[in-house]
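Engineer: Before anything else, here's the structure in question.
The values are calculated or read from the model by the stated rules, or taken from the named source; none is laboratory data. Owing to the predicted nature of the structure, the values given are computational and were not obtained by experimental measurement. In this analysis, Cβ positions are derived from the backbone assuming ideal geometry, glycine residues included, and neighbour counts consider all displayed protein chains. These accessible areas exclude ligands, DNA and RNA; they are computed on the full protein's heavy atoms, side chains included. Shrake-Rupley method; radii C 1.70, N 1.55, O 1.52, S 1.80 Å.
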Amino acid sequence: MYAPERHQQILTRARSEGRVDVTALAGELDVTPETIRRDLTALERHGLVRRVHGGAIPVERLGFEPGLADREGLLSGEKERIAKAALEELPDGGAVILDAGTTTVRLAELLPTDRELTVVTHALPVATVLATRPGTTLHLVGGTVRGRTLAAVGSWALRDLAEIHVDVAFLGANGITADHGVTTPDLAEAAVKRALVTASRRTVVLADHTKVGRVDLARVADLADVDTLITDAAVEPELADEIEAAGTRVVRA
């Protein structure tokens with residue numbers, strides 16, 4: 001059986017049963033578990049399934065754009081390593097922006113308390129982490145809060161962001177490719193992310209390997225606007241190489 005045929009069978013099973021298991025699929029399709037894991041990674045990269053422990057679930061079960069509760073437990077180890085690597089990009093002092101997202105929340109939890117740091121965010125979960133953090137001056141951007149991401153969007157948010165300039169913006173992404181740059185599913189959130197990039201001297205994208213090579217509906221920024229991508233070690237080497245060839249530094253955490 002060719003890989004495309006196997007991918008179709010896996011996707012059909014996931015959609016009909018709500019979940020697929022690596023071991024069971026390997027037995028049924030007469031291939032190794034490693035082959036099934038590669039198949040699931042390919043399907044995830046195309047936005048068709050989401051990997052979970054021991055298998056995968058179809059995106060239809062999560063909705064078009066998974067909410068925070070669904071995403072918090074996915075790839076938690078990878079997100080932890082990405083957030084720790086992002087600490088190297090912090091200025092000694094000054095101001096940074098933290099975008100909405102589960103990885104940026106983890107970065108907020110890890111921010112050092114031994115230096116004065118100003119943090120701007122439009123994300124309620126990030127603000128909750130930092131509201132009482134010693135040494136951190138927090139500026140919360142207002143706007144209409146999206147229930148799916150708990151991030152402020154709209155004209156109020158854009159107006160606030162137009163009035164600031166920071167050293168580094170730590171940006172989340174649903175997709176990033178060499179050809180299409182950074183993308184996300186929601187148009188309003190994409191507009192805010194563009195404003196974050198404009199307001200920063202440097203932009204660092206935090207994206208696990210499932211986001212690399214994926215393209216979503218709304219364009220956020222070209223790769224020319226991204227200084228560094230921090231991803232995890234499971235990223236497809238050719239995809240990372242394409243991004244580096246376009247001029248963006250890639251860190252594999």
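Engineer: Quick one: if you stick a label point 7 Å off each Cα along the C-beta vector at ASP241 and SER76, how many nm between them?
Structural biologist: Reported label-point gap for ASP241 and SER76 is 3.5 nm.
Engineer: Oh, and also: Please grab the % of Cα pairs in the chain that end up more than 33 Å from each other. Write down the numbers at each step before the final one.
Structural biologist: Working: 6324 of 31878 pairs.
Percentage above 33 Å: 20.
Engineer: Applying the Karplus parametrisation 6.51 cos²θ - 1.76 cosθ + 1.60 with θ = phi - 60° to the phi angles of the stretch 112-127, what ³J(HN,Hα) value in whole Hz is obtained for each residue in order, glycine and proline being reported as x?
Structural biologist: Working through the residues one at a time gives x, 10, 9, 8, 7, 9, 9, 10, 10, 8, 10, 9, 4, x, 5, 4 Hz.
Engineer: In addition: With +1 on the Cβ of every Lys and Arg and -1 on the Cβ of every Asp and Glu, and nothing else charged, how large is the dipole of the chain about its Cα centre, in debye rounded to the nearest 20? Mind dumping the intermediate values first?
Structural biologist: Values: 29 positive and 38 negative charges, 109 e Å.
Roughly 520 debye for the chain.
Engineer: Which value, in Å² rounded to 10, gives the accessible area of SER155 with a 1.4 Å probe and all protein chains present?
Structural biologist: So the heavy atoms of SER155 present about 80 Å² to solvent.
Engineer: How much length, in nm to one decimal, is gained on full extension between ALA233 and LEU217, taken as 0.36 nm per residue of separation minus their Cα-Cα distance?
Structural biologist: Details: separation 16, 0.36 × 16 = 5.76 nm, distance 2.61 nm.
Fully extending the segment from ALA233 to LEU217 adds 3.2 nm.
Engineer: Which whole-number percent is the relative contact order of the chain (Cα, under 8 Å, 6+ apart)?
Structural biologist: Values: 519 pairs, mean separation 37.8, N = 253.
With pairs under 8 Å counted, the relative contact order is 15 percent.
Engineer: Suppose all protein chains stay in the model; what accessible area per residue would a 1.4 Å probe give for the chain, in Å²?
Structural biologist: On the way: 11460 Å² over 253 residues.
The answer is 45 Å² per residue.
Engineer: With every protein chain left in place, what is the accessible area of THR183 in Å² (1.4 Å probe, nearest 10)?
Structural biologist: 10
Engineer: To continue, here is another question. What are the semi-axes of the equivalent ellipsoid of the stretch 213-253, taken as the square roots of 5 times the eigenvalues of the Cα gyration tensor, listed largest first and rounded to whole Å? Let's see the in-between values first.
Structural biologist: On the way: eigenvalues 56, 32, 18 Å².
Sorted largest first and rounded, they come to 17, 13, 10 Å.
Engineer: Would you mind telling me the share, in percent, of accessible area of the chain contributed by carbon and sulfur at probe 1.4 angstrom? It would help to have the intermediate numbers written out before the result.
Structural biologist: Working: 5760 of 11460 Å².
It is 50 percent, rounded to a whole number.
Engineer: Let me have the 222 nm mean residue ellipticity of the chain computed from DSSP H runs of 4+ only, each contributing -39500 (n - 2.57), with the sum over all residues rounded to the nearest 500.
Structural biologist: Details: 11 runs with 99 residues, N = 253.
The helix-only estimate for the chain comes to -11000 deg cm²/dmol at 222 nm.
Engineer: Measuring from centroid to centroid over Cα atoms, what is the spacing of the stretch 174-233 and the stretch 1-61 in Å?
Structural biologist: The stretch 174-233 and the stretch 1-61 have Cα centres separated by 27 Å.
Engineer: Could you please put LYS211, LYS84 in sequence from largest to smallest accessible area, using a 1.4 Å probe? Kindly include the intermediate steps, with their values, before the conclusion.
Structural biologist: Working: LYS211 45, LYS84 110 Å².
From most exposed to least exposed: LYS84, LYS211.
Engineer: Amide H neighbours of ILE97 under 5 Å, counting only residues 5+ apart in sequence or on other chains, H built in-plane at 1.01 Å?
Structural biologist: Residues meeting the amide H criterion: VAL120, VAL168, ALA169, PHE170.
Engineer: So what are the ³J(HN,Hα) numbers for the stretch 209-221, from phi and the Karplus equation (6.51, -1.76, 1.60; θ = phi - 60°), rounded to whole Hz, Gly and Pro as x?
Structural biologist: 4, 5, 8, 7, x, 9, 10, 10, 4, 9, 6, 9, 7
Engineer: Right, another one. If you build the Cα gyration tensor of the stretch 83-138 and take the root of 5 times each eigenvalue, what three semi-axes come out, in whole angstrom, biggest first?
Structural biologist: Working: eigenvalues 45, 34, 19 Å².
Over the Cα atoms of the stretch 83-138, the ellipsoid semi-axes are 15, 13, 10 Å.
Engineer: Per the Cauchy relation, a quarter of the hull surface: what is the mean projected area of the convex hull of the alpha carbons in the stretch 170-253, in nm²? Mind showing how you got there, number by number?
Structural biologist: Details: hull surface 18.0 nm².
For the stretch 170-253, averaging the hull's shadow over all directions gives 4.5 nm².
Engineer: Would you be so kind as to identify which of ALA240, ALA199, ALA218 lies farthest towards the positive end of the dipole of the stretch 194-244, taking Lys and Arg as +1 and Asp and Glu as -1 on Cβ and the Cα centre as origin?
Structural biologist: ALA199
Engineer: Of all the Cα-Cα pairs you can form in the stretch 99-238, what percent are over 17 Å apart? Don't jump to the answer; show the numbers that get you there.
Structural biologist: Working: 5641 of 9730 pairs.
Counting pairs separated by more than 17 Å, the tail of P(r) holds 58 percent.
Engineer: Out of all Cα-Cα pairs in the stretch 1-46, roughly what percent, to the nearest whole number, are more than 17 Å apart? Mind showing how you got there, number by number?
Structural biologist: Working: 187 of 1035 pairs.
In whole percent, the long-distance tail amounts to 18.
Engineer: Step through the residues of the stretch 239-253 one at a time and calculate ³J(HN,Hα) from phi using the Karplus curve (6.51 cos²θ - 1.76 cosθ + 1.60, θ = phi - 60°), rounding each to whole Hz and writing x for Gly and Pro.
Structural biologist: 5, 5, 5, 4, 5, 5, 5, 7, x, 9, 5, 10, 10, 9, 7
Engineer: Once the whole set of protein chains is in place, how much accessible area is left on THR41, using a 1.4 Å probe, in Å² to the nearest 10?
Structural biologist: Rounded to the nearest 10, that gives 30 Å².
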